[in-house]
Every structure is written in C-alpha cells, then in structure tokens.
1. So if we plug the beta-carbon distance of Ile144 and Arg48 into 1/(1 + (r/R0)^6) with R0 = 45 Å, what FRET efficiency do we get, rounded to 0.05?
2. With point charges of +1 on the Cβ of Lys and Arg and -1 on the Cβ of Asp and Glu, referenced to the Cα centre of the range 81-151, which listed residue (Gly125, Leu138, Met84) lies farthest in the positive direction of the dipole?
3. Would you compute, from DSSP H runs of 4+ residues alone, the mean residue ellipticity of the chain at 222 nm, taking -39500 (n - 2.57) per run and dividing by the full residue count, rounded to the nearest 500?
4. Kindly rank 105-116, 231-242 from highest to lowest mean number of other beta carbons found within 10 Å of each residue.
5. Just want the answer: with Cβ charges of +1 for Lys and Arg and -1 for Asp and Glu, which residue in Ile32, Tyr98, Val178 is farthest toward the dipole's positive end in the chain?
6. How much net charge surrounds Gly62 when only other residues with a Cβ under 9 Å from its Cβ are counted (Lys, Arg +1; Asp, Glu -1)?
7. What list of ³J(HN,Hα) couplings, whole Hz, do you get for the range 173-186 from phi and the Karplus terms 6.51, -1.76, 1.60, once you set θ to phi - 60° and write x for glycine and proline?
8. Quick one: Karplus J couplings for the range 96-108, per residue in order, coefficients 6.51, -1.76, 1.60, θ = phi - 60°, nearest Hz, x for Gly and Pro?
Amino acid sequence: MTKIIAVMPAYNAALTLEPTVRDIPAGVVDEIIVVDDSSKDNTVEQARRLGLTVIQHEKNKGYGGNQKTCYRLALERGADIVVMIHPDYQYDSKLTPYLVGFLRDRYFDVMLGSRIRTRKEALAGGMPKYKYAANRMLTLAENICTGMNLSEWHTGFRAFTKEVLETIPWQQNSDDFVFDSQMLLQCVAFGFRVGEIPVPVRYHDTASSINFFRSVRYGLGTLSAVGGFLLHRFHVAHPEMYRRKEFQT
C-alpha cells in the first residue's frame, strides 16, 4: 500500500487554505500536513478546523526552512510519496492524482506541475510579465547547464518519491526561496528521473508572491546554485549539498 502525504508550507494562507484543500480529489492523499511558518493571520486555526495535521513554527524559518520541516515530518510519518502544494490557491490541486500516478507507477521519481505551457496562457493567468521573462531565462540557463529540457524549473507544485527525499541532502539547502532551485539541481545531480505536467496559471490578489527585489535575489541565488552544480559536475569542487548522506530525522 502506497502512503501519500501532501505537505503545505504555509504563511498567511488563511484565506486560501480551504479551497486548496477542498480541490484535492477525495482518496488521493492519506494525510495533509500544514507547516505554519509563524503566520500573522489565523492559518493555524483554519488548518485545525479542516482536520489537518498542523505544525507551527514559533519563529519564521523562511520558505526553504518550512519545506525542510514538511519533508522531515512526511518521512517520519511513513510517506512513500510526498506532494508539495502551495496553500495559496495559485496551483490547481485537482491535478494531484496525475502527479502521484506517474510516481506510483514508477515512470518518474520527481514530478513537477508546470505553469508554462504557452506564453499566452501564462500571461492570461495573471503571471507578471517580468516574472514570466525571468522564469524563461532562468529555466533556459538551467536546462542548458544540466542537459534537461523542462518547461519550468520554478513551480511550487512538486511530488517526490521517498527514495528521492531519503537520498538528497536537502537539509544542506538554503532556508530561503532558492531552496527549490537547489533541490531540483540535486535531483538531476543524483540521476533521478524528472517529469512534468502542465497546470493552469492562477495569479490572484490572495496568492503569495515575492516582490521584484526578492525576485532579483532569488534569480541571482539560482544562478549561483547552477554554478555550484557545474563545479560539482566537472569535478572542480564538491559542495556539501551534492554529497550523498544517509537521511537522519
């Protein structure tokens, strides 16, 4: 029996948590874990009202730090597949069965929900033009440097097998937003199979989104992470984040 756990790294998601949860088709996941990163609204109360497993950080640990708690808890609770869904209702969680299915049937080890199928759809869905342009440029650079051909490297809708989370030293990654880029680079470096499906773009007033200056910081951090990946691939250096370690809870 495959145990599937959805994890939601939450920060001020009180208005969007319920619709995100309600859209997950019944019977697809065995448990939903919400890790609240010291929100200033009533995210925790909403999650408990919905009957979810709730963990609350006393101090804000950042987006990457939040995910570290998510994955650690999911593995401790016996997950075979872990689906990460942003609880801001930007991603269509009705598509969760498709991400899970490809992993359960062993076609891939990692599945991504890509918001970039066409430029027209992405922009029509509300993605800011500067974010679309930055996403395209960073994704192109990452594809060239890794040999991959993904349509998007920067989605917040992801699923991993237990083997991936037990192999990759994601504990070494940043506590900030660049965690996502680092983790996907690790997946490639360790030879895991990465697949993707298209998901609708859904930007709205209550969706979480970093501002322009944080976006620039994220972009520079991603390029730095790609540089570290290349140093590792060409045996110039061996960053700690690419050293296989036995998972420890």
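Nothing in this text is a laboratory measurement; each read-out follows from the coordinates by a stated rule. Since this is a predicted model, take the numbers as computed values, not measurements. Here the Cβ positions follow ideal geometry from the backbone for every residue, glycine too, while neighbour counts run over all protein chains shown.
1. In this case the efficiency is close to 0.50.
2. Gly125
3. Calculated at 222 nm, the ellipticity per residue is -12000 deg cm²/dmol.
4. Descending packing order for the listed peptides: 105-116, 231-242.
5. Val178
6. Net local charge, Gly62 excluded: -2.
7. 7, 5, 8, 9, 5, 5, 3, 4, 5, 4, 5, 5, 4, 5
8. 3J(HN,Hα) across the range 96-108, in whole Hz: 3, x, 6, 4, 5, x, 5, 7, 4, 8, 6, 6, 9.
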